[in-house]
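Visitor: Sharing a structure here in structure tokens format.
The values are calculated or read from the model by the stated rules, or taken from the named source; none is laboratory data. This one's a predicted model, so the numbers in the text were calculated from it and none came from an experiment. Every residue, glycine as well, gets a Cβ built from its backbone with ideal geometry; the counts of neighbours run over all protein chains shown. Ligands, DNA and RNA are excluded from the accessible area calculation, which covers all protein heavy atoms including side chains. Shrake-Rupley method; radii C 1.70, N 1.55, O 1.52, S 1.80 Å.
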Amino acid sequence: MKSRLVKFLTRAVWAIVIGCLVGAFAGWLAARALHIPQLDQLPTYRPATTSHIFAADGSASASFALERRVELPPEAIPDTIKLAIVAIEDANFYTHGGVDPKAILRAVIGSIMTRRFGGRGGASTLTQQLAKNLFLSRERTLTRKVKEMFLAMDMEKRLSKDQVISMYANQIYLGQGAYGIEAAAQVYFGKPAVDLELPEAAMLAGMIQNPERLHNPIRNPEGTRNRRNHVLAKMFELGFIGREAYETAVNEPLEVSIHRESKVGGDYFVEHVRKTIEQRYGTDALYTAGLQVDVTMEPALQRAAERAVREGLVELETTRLGYRKPPNVVTSGLAADSESYEDPSWKGLTFDPSSMVKAVVLEVGRSVARLNIAGREATLRLDDASWTRTSSLTRILKKGDLVLVRLPEAPPEVGSDDELRVMLVQEPEIESALLAMDNRTGAVLAMVGGFDFERSEFNRAVQSKLQCGSAFKPFVYLTAFERGFTPADTVFDGPALFPDGSGELTYCPRNYYGKYFGVTTLRRALELSFNASAVKLQDMVGGQAVVETAKAMGISTPLRPYPSLALGTLGVRLIDLVRAYAGFANLGEVPAPYFISEVRDRDGRSLERFFPSLERKAPAAASYLLLHVLEGVVKRGTGQKAKVLDAHLAGKTGTTDDYSDAWFVGSSPRITVGVWVGRDKKAPIGKRMTGAAAALPIWIKFMEAYLETLDEAARAERFPVPAGVVFSAVDWYSGHVVVPACADRSRVVLEAFLDGTEPLVTCEGDEPGLWELPWPFQQAYYTPRIGEPMPDLQSLARADERLEEEKEEAEAKAREGR
């Protein structure tokens, strides 16, 4: 009876095998009719591969992929891995032609015994699995199986065995988002596939059939270890490894941990590059072509930029703007209770010394509060919130509040019983942007587009068009110096009327200080940022000429020759302003900004390279006159806080009328850095939040870090003096040549002039005490330049009357509307 059953089964099996072969032939005919074009490209097929971005020092900064994969050529995949895969997935791989009749026989018997097609008989060869993964769906039908067999046989005719196993090893999914052996080796063992040991290779091969659950070393370490040892046993059974290697390997622990790409920062920089690559090469290439993109970002400077912005904004919040009630995760509906809340920023959080992290309040007492930071308990004491001036933590915090805290300089190890004591800070509502550019090349070295990329991806360094206030004035002065003015020439800083939008003389610029200063040199006017002087100077050289200068130096946003243009009332981009100031530092040669230095394909072949580009836009000598005055801004003017840096620097502050925008843009001989601080919605930052108060401290923090990277000689470097420039000691107030008889050391500056334009008048003729008089009394001692607008008290009074009348009319209309 038993022998009859065996004979019956054997005949049935052969009938089924013959049927499958006939079906395969039919499938071949069908496939020939349908034709799968991809088969023609199999010899040159490349799987979807991760694109990588590399910083200027060669370190990996970011990657983009639909499937996180690093493709390896056949020769780069170790034989150990190939043999491990063959041992567990297809022992007859090197002897069959794509379809294994013996395996089919086992599968059919299994199907008959279980009365279910597709039982666990292991009929599919590696080539069949590869065919299925590349070309077919995962439906479990006889039709798909027949197609799979045909495709496998056709693939074996087109590819060598080594090509098949290599394509398979690059294609397979191995859990944790890793596709292919190389990505999996990096994820689970933190090293390349070529360095994998025998037990590690066997573990990865064993994961192929069920990488997310049964054979996942993180979720099921015991099951994974058993599976690995089964692979090793198969390798030993097939003669791929010897007994000694087998016995050693099966006794090895798994030693697996997840190795993610470390977060190196530069989110705004990377996103800008990502958008650029996507625009130039397309979305498919970005996410599947394995592009290698070298960028200009210097990691150390990028970290310094992010630290300067974050620390600077938090310092403004805690020292100048005051405490605000924090959001609450329970009342806002983010969590049912404070204990269950998980902040998105906690994913992959590392407890770096002195870093700022989000924390949720679990319990509050008068002098102590208990917090949760990514599942770790922390303590906040009253002394660590002293800047709020509260006498009790219960007055400023409640359970469920989401706060920003600073970790200690030496946080205890994770798992330690030591107290994790934190300091309360405050997440700022204001925003900031910083951009650093190499003067000589235009390479963008660092860029920060806001306080937190997770909070807002909007990049204020390149996307915002913002009023830059007095940071625009250098364009006015450069235009004047190009037309023969010198820094020692004088202008009368007093009220004057200029046409408004309707052409009426109603616009009267006022100085930040609330007063006018009378007779002043152009140097003093720019160093101390006198508004009236800048508008007058623009009027004398022509508003359209100033527009043309700004455009030539790199300002790309629309500009109009209004009188208020001199005060930066029209929007500009931070990157454009930094570019222009780099042009000042380059003595009139303007660099073209660039973020990407080279793009290569997955094989390292260069697709595109970007090179530095400088273009002369202003005469070197005139540019130096401006640069020399901007050095004075740091030495004596509104930017003199930067004197603490002890380096040769030049720059300019910028502040808008209502303190809604604060700027500082400044240069060393090598780099130019711009900082903006403000709010996304046009509103005041805070009381007296000038460029010197809000933006300059951030600039100084960054420049401190930058200067520390230089050697002593580079740090002492000066701006070069071009041919045709001479120097003469003059009085800062009058611009007259200083002689011993009238020298006042507190007012002497070594002024730069174009050769032949030095003043001839000495300070001996200066009226003693003139500059201590109010501006109206100085007017009698001043001879205006031709075309210089001068104060006319009667006209000013009439203009004031008109403005008051307009104001009253507007108020009356508003009352009527109510």
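Visitor: Among all residue pairs at least 6 apart or on different chains, which show Cβ distances below 9 Å where the first residue, located in the stretch 405-426, is open to solvent by 70 Å² or more (accessible area, probe 1.4 Å) and the second is assigned to a strand (DSSP E or B) and hydrophobic (A, V, I, L, M, F, W, C)?
Guide: Every condition considered, the pairs that remain are Glu419/Ala378; Arg421/Ala378; Arg421/Leu380; Met423/Leu380; Met423/Val405.
Visitor: Assess whether Ala534 counts as being surrounded by 24 or more Cβ atoms within 10 Å (Cβ to Cβ), part of a helix (DSSP H, G or I) and in contact (Cβ under 8 Å) with a residue 60 or more places away in the chain.
Guide: Judged against the criteria, Ala534 is a match.
Visitor: Take the residues of the stretch 77-103 that are part of a helix (DSSP H, G or I) and open to solvent by less than 20 Å² (accessible area, probe 1.4 Å): which is farthest from Ile172 (Cα to Cα)? Spell out the reasoning first.
Guide: Within the stretch 77-103, the first condition is being part of a helix (DSSP H, G or I), and the residues that meet it are 79-89, 101-103.
Next, only the ones that are open to solvent by less than 20 Å² (accessible area, probe 1.4 Å) stay: 81-82, 84-87, 103.
On the way: Ile81: 13, Lys82: 13, Ala84: 14, Ile85: 11, Val86: 13, Ala87: 16, Ala103: 21 Å.
Result: Ala103.
Visitor: In addition: Quick one: Asp294 ticks every box in (1) in a helix (DSSP H, G or I); (2) open to solvent by 10 Å² or more (accessible area, probe 1.4 Å); (3) closer than 30 Å to Asp603 by Cβ except a single one, so which number is it?
Guide: (1)
Visitor: Next up: Determine if the stretch 496-508 includes at least one residue that is surrounded by 23 or more Cβ atoms within 10 Å (Cβ to Cβ) and not aromatic (Phe, Trp, Tyr). Working first, answer last.
Guide: Step one: of the stretch 496-508, the residues surrounded by 23 or more Cβ atoms within 10 Å (Cβ to Cβ) are 496.
Keeping just the survivors that are not aromatic (Phe, Trp, Tyr) gives 496.
For the stretch 496-508, residues surrounded by 23 or more Cβ atoms within 10 Å (Cβ to Cβ) and not aromatic (Phe, Trp, Tyr): present.
Visitor: If you don't mind, there's one more thing I want to ask. With respect to Glu212, is the statement that it is surrounded by fewer than 17 Cβ atoms within 10 Å (Cβ to Cβ), in contact with a Phe, Trp or Tyr (Cβ under 9 Å, 6 or more places away or on another chain), at positive phi and not in a helix (DSSP H, G or I) true?
Guide: Numbers: surrounded by fewer than 17 Cβ atoms within 10 Å (Cβ to Cβ): yes; in contact with a Phe, Trp or Tyr (Cβ under 9 Å, 6 or more places away or on another chain): yes; at positive phi: no; not in a helix (DSSP H, G or I): yes.
Criteria not met by Glu212.
Visitor: Related question: Could you give me the residue pairs with C-beta distances under 6 Å whose first residue belongs to the stretch 737-758 and is closer than 20 Å to Val721 by Cβ, whose second residue is outside any loop (DSSP other than H, G, I, E, B) and open to solvent by 50 Å² or more (accessible area, probe 1.4 Å) wherever it lies, and which are 6+ apart or on separate chains?
Guide: Sorted first by the residue in the stretch 737-758, then by its partner, the pairs are Leu750/Phe727; Ala752/Phe727.
Visitor: So is Thr709 hydroxyl-bearing (Ser, Thr, Tyr), open to solvent by less than 10 Å² (accessible area, probe 1.4 Å) and at pLDDT 95 or above or not?
Guide: No: the conditions fail for Thr709.
Visitor: Would you be able to tell me the number of residues in the stretch 215-240 that are open to solvent by 30 Å² or more (accessible area, probe 1.4 Å), among the hydrophobic types (A, V, I, L, M, F, W, C) and either at pLDDT 95 or above or closer than 18 Å to Asp90 by Cα (or both)?
Guide: Summing the residues that are open to solvent by 30 Å² or more (accessible area, probe 1.4 Å), among the hydrophobic types (A, V, I, L, M, F, W, C) and either at pLDDT 95 or above or closer than 18 Å to Asp90 by Cα (or both) in the stretch 215-240 gives 4.
Visitor: OK, next. Which condition does Met437 not pass, out of (1) open to solvent by less than 10 Å² (accessible area, probe 1.4 Å); (2) in contact with a Phe, Trp or Tyr (Cβ under 8 Å, 6 or more places away or on another chain), if it passes all the others?
Guide: Evaluating Met437 over (1) open to solvent by less than 10 Å² (accessible area, probe 1.4 Å); (2) in contact with a Phe, Trp or Tyr (Cβ under 8 Å, 6 or more places away or on another chain) leaves (2) as the failure.
Visitor: Taking the condition within 28 Å of Val634 (Cβ to Cβ) and in a helix (DSSP H, G or I), does Thr557 pass?
Guide: No; evaluated as a whole, the condition is false for this residue.
Visitor: Being of a type in the set (A, V, I, L, M, F, W, C), in contact with a Leu (Cβ under 9 Å, 6 or more places away or on another chain) and closer than 20 Å to Glu311 by Cβ is the filter here, so list the residues in the stretch 446-464 that pass it.
Guide: If the condition is that a residue be of a type in the set (A, V, I, L, M, F, W, C), in contact with a Leu (Cβ under 9 Å, 6 or more places away or on another chain) and closer than 20 Å to Glu311 by Cβ, then Ala446, Met447, Val448, Phe451, Ala461 are the ones that fit.
Visitor: Against the condition within 30 Å of Tyr512 (Cα to Cα), open to solvent by less than 10 Å² (accessible area, probe 1.4 Å), touching a strand residue (DSSP E or B) at 6+ places or on another chain (Cβ under 9 Å) and free of Cβ contacts under 8 Å to residues at least 40 places away in the same chain, how does Gly568 come out, does it pass?
Guide: Taking the combined requirement at face value, the residue does not satisfy it.
Visitor: Condition first: within 22 Å of the chain's Cα centre (by Cα) and either basic (Lys, Arg) or at pLDDT below 95 (or both). Now tell me which residues in the stretch 682-706 satisfy that.
Guide: Lys701, the sole residue that qualifies.
Visitor: Look at the stretch 546-565 and say how many of its residues are open to solvent by 40 Å² or more (accessible area, probe 1.4 Å) and either touching a residue at least 40 places away in the same chain (Cβ under 8 Å) or within 10 Å of Phe475 (Cα to Cα) (or both).
Guide: 3
Visitor: Checking the structure you have, find out if any residue of the stretch 628-644 is open to solvent by less than 10 Å² (accessible area, probe 1.4 Å) and within 27 Å of Tyr594 (Cα to Cα).
Guide: Checked the stretch 628-644: at least one residue is open to solvent by less than 10 Å² (accessible area, probe 1.4 Å) and within 27 Å of Tyr594 (Cα to Cα).
Quick grid of which residues meet (1) polar (S, T, N, Q); (2) surrounded by fewer than 24 Cβ atoms within 10 Å (Cβ to Cβ); (3) within 27 Å of Phe777 (Cα to Cα):
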{"residue": "Asn459", "(1), (2), (3)": "yes, yes, no"}
{"residue": "Gln463", "(1), (2), (3)": "yes, yes, no"}
{"residue": "Gly469", "(1), (2), (3)": "no, no, no"}
{"residue": "Pro474", "(1), (2), (3)": "no, no, no"}
{"residue": "Tyr477", "(1), (2), (3)": "no, no, yes"}
{"residue": "Phe481", "(1), (2), (3)": "no, no, no"}
{"residue": "Gly484", "(1), (2), (3)": "no, yes, no"}
{"residue": "Pro487", "(1), (2), (3)": "no, no, yes"}
{"residue": "Asp493", "(1), (2), (3)": "no, no, yes"}
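Visitor: Just checking, how many residues over the stretch 637-670 are more than 20 Å from Leu710 (Cβ to Cβ) and either free of Cβ contacts under 8 Å to residues at least 24 places away in the same chain or in a loop (DSSP other than H, G, I, E, B) (or both)?
Guide: 9
Visitor: All but one of (1) closer than 21 Å to Tyr168 by Cβ; (2) of a type in the set (Val, Ile, Thr); (3) not in a helix (DSSP H, G or I) hold for Ile218; which doesn't?
Guide: Exception for Ile218: condition (1).
Visitor: Determine, yes or no, whether Glu71 is surrounded by 17 or more Cβ atoms within 10 Å (Cβ to Cβ), within 30 Å of Asp284 (Cα to Cα) and modelled with pLDDT under 85.
Guide: The answer is no for Glu71.
Visitor: Filter the stretch 173-197 down to the residues that are open to solvent by 10 Å² or more (accessible area, probe 1.4 Å) and at positive phi and list them by number.
Guide: Passing the criteria: Gln176, Gly177, Gly190.
Visitor: Going through Asp539, Asp576 one at a time, which residue ends up being part of a helix (DSSP H, G or I), without any contact (Cβ under 8 Å) to a residue 60 or more places away in the chain and not aliphatic (A, V, I, L, M)?
Guide: Asp576
Visitor: Please find, among Ala300, Ala285, the residue that is more than 27 Å from Val675 (Cα to Cα) and open to solvent by 20 Å² or more (accessible area, probe 1.4 Å).
Guide: Going through Ala300, Ala285 in turn, just one is more than 27 Å from Val675 (Cα to Cα) and open to solvent by 20 Å² or more (accessible area, probe 1.4 Å): Ala285.
Visitor: Could you say which residue among Ala205, Ala185 is under 30 Å from Glu247 (Cβ atoms), without any contact (Cβ under 8 Å) to a residue 24 or more places away in the chain and part of a helix (DSSP H, G or I)? Show your work before the answer.
Guide: Details: Ala205 fails: without any contact (Cβ under 8 Å) to a residue 24 or more places away in the chain.
So the residue among Ala205, Ala185 that is under 30 Å from Glu247 (Cβ atoms), without any contact (Cβ under 8 Å) to a residue 24 or more places away in the chain and part of a helix (DSSP H, G or I) is Ala185.
Visitor: Turning to a different aspect of this structure: Here are some residues: Tyr268, Tyr246. Which one is open to solvent by less than 60 Å² (accessible area, probe 1.4 Å), hydroxyl-bearing (Ser, Thr, Tyr) and within 30 Å of Thr350 (Cα to Cα)?
Guide: Tyr268
Visitor: Restricting attention to the stretch 686-702, does a residue exist that is over 27 Å from Tyr513 (Cβ atoms), among the hydrophobic types (A, V, I, L, M, F, W, C) and buried (at least 21 other Cβ atoms within 10 Å of the Cβ)?
Guide: Taking every residue of the stretch 686-702 in turn, at least one turns out to be over 27 Å from Tyr513 (Cβ atoms), among the hydrophobic types (A, V, I, L, M, F, W, C) and buried (at least 21 other Cβ atoms within 10 Å of the Cβ).
Visitor: Give the number of residues within the stretch 489-515 that are over 43 Å from the mean Cα position of the chain (by Cα) and part of a loop (DSSP other than H, G, I, E, B).
Guide: 8
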